[in-house]
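Q: Structure in structure tokens, see below.
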């Protein structure tokens, strides 16, 4: 039987707090789910989001006082990922108090789950972003790049509260050398740059260093449109993708001068033709044989917290082993303990179900150089 010096509930309580505190991009999005599986069915849950309304009417100009329903107060999200990590615990591990156990055991286990959640979240945002803020795929490094990003929000009528800029390592290196990010004269949080992975609020955005920003490589091969596709089509047949090469969600391609992002990861079965789903419909007709170029970039984003809804929710407690769940600020996690007869050790498993849905592509964009 599992060791009872530390209870499963103690372990999961501490783990849920660690998980919520370590999330970066996923933690900034709307993620408050209903208890258990809420109003959803099967693997679908309901996520509460910020409500929106039409512009207010003017009663003096013939408007009426009819009540309006709040829109998108709840959104169904499919739980498409099940992330888990198991570790064997020594007898000595089980004698630790909960504080030391959290630091030495739970933290690295939770971090492994955080990495998977953040990688998934970054790919989802990249694949469904409304576009990019600059004219190139180079990383933003100047105040002009930041000003252009802020303009994206303004042009798309995104409210000031809740604007974020999640930047990669190249941008971080440049920004921490700019007075606007580190000098006290630019704001009281300037001298506290990089504390808690944030470099402060500048130009109307909360800048956060995203250590999970992915470097997206150029899709190899000489790519062309295999068959004509009309404007509005969200799937095109592409020829020339090298056999066996995996193309990640969020990969950037340009067709007839217009840039698009790959909506779903693909693994090419052959080099003749491969259907590719785009995050948005074609802006204009793609003719057969048209050249397709690919771009490499680092995934830095600007996003409003309501651009997407993410559900991070614990499965039901196991009935076959000591198991417990805990919820912290809308994020829940499950811990299950078992016994390894061969190694004579307790085994701790942490797992979580994750799903994400981009609601407003115009409220998120790839953050690039002007």
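Q: Within the range 295-307, which residues are under 27 Å from residue 219 (Cα atoms) and either part of a strand (DSSP E or B) or touching a helix residue (DSSP H, G or I) at 6+ places or on another chain (Cβ under 8 Å) (or both)?
A: Within the range 295-307, 295, 297, 298, 299, 300, 301, 302, 303 meet the criteria.
A quick yes/no check of all residues on (1) outside any strand (DSSP E or B); (2) under 21 Å from the mean Cα position of the chain (by Cα):
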site	(1), (2)
238	no, no
241	yes, no
250	yes, yes
260	no, yes
264	yes, yes
276	no, no
293	no, no
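Q: Let me ask you something else. Just to be sure before I move on: is residue 159 farther than 19 Å from residue 212 by Cβ, surrounded by fewer than 13 Cβ atoms within 10 Å (Cβ to Cβ) and at pLDDT below 95 in the structure I sent?
A: Yes.
Q: Which of (1) over 16 Å from the mean Cα position of the chain (by Cα); (2) surrounded by fewer than 17 Cβ atoms within 10 Å (Cβ to Cβ); (3) more than 30 Å from residue 7 (Cα to Cα) does residue 286 not meet, given it meets every other one?
A: Among (1) over 16 Å from the mean Cα position of the chain (by Cα); (2) surrounded by fewer than 17 Cβ atoms within 10 Å (Cβ to Cβ); (3) more than 30 Å from residue 7 (Cα to Cα), residue 286 violates only (2).
Q: Out of 165, 231, report the one residue that is farther than 22 Å from residue 366 by Cβ and either part of a strand (DSSP E or B) or modelled with pLDDT of 85 or more (or both).
A: Exactly one of 165, 231 is farther than 22 Å from residue 366 by Cβ and either part of a strand (DSSP E or B) or modelled with pLDDT of 85 or more (or both), namely 231.
Q: Same structure, new question: Find the residue count for the range 75-104, including only residues that are crowded, with 16+ Cβ neighbours inside 10 Å and within 17 Å of residue 339 (Cβ to Cβ).
A: Residues in the range 75-104 being crowded, with 16+ Cβ neighbours inside 10 Å and within 17 Å of residue 339 (Cβ to Cβ): 4 in total.
Q: Sort out which residues of the range 259-277 are crowded, with 21+ Cβ neighbours inside 10 Å, out of contact with any helix residue (DSSP H, G or I) (no Cβ under 9 Å at 6 or more places or on another chain) and touching a residue at least 24 places away in the same chain (Cβ under 8 Å), and write them in order of number.
A: 268, 274, 276 - these are the residues of the range 259-277 that are crowded, with 21+ Cβ neighbours inside 10 Å, out of contact with any helix residue (DSSP H, G or I) (no Cβ under 9 Å at 6 or more places or on another chain) and touching a residue at least 24 places away in the same chain (Cβ under 8 Å).
Q: Right, next: If I go through the range 14-28 residue by residue, how many of them are within 10 Å of the chain's Cα centre (by Cα) and within 11 Å of residue 107 (Cβ to Cβ)?
A: 0
Q: What is the one condition in (1) surrounded by 19 or more Cβ atoms within 10 Å (Cβ to Cβ); (2) in contact with a strand residue (DSSP E or B) (Cβ under 9 Å, 6 or more places away or on another chain); (3) at pLDDT 90 or above that residue 138 does not satisfy?
A: Here residue 138 clears every test but (1).
The values are calculated or read from the model by the stated rules, or taken from the named source; none is laboratory data. Note that the coordinates shown come from a computational prediction; the quantities given were computed from them, not determined experimentally. Ideal geometry is used to build each Cβ from the backbone, glycine not excepted, and the neighbour counts take in all protein chains shown.
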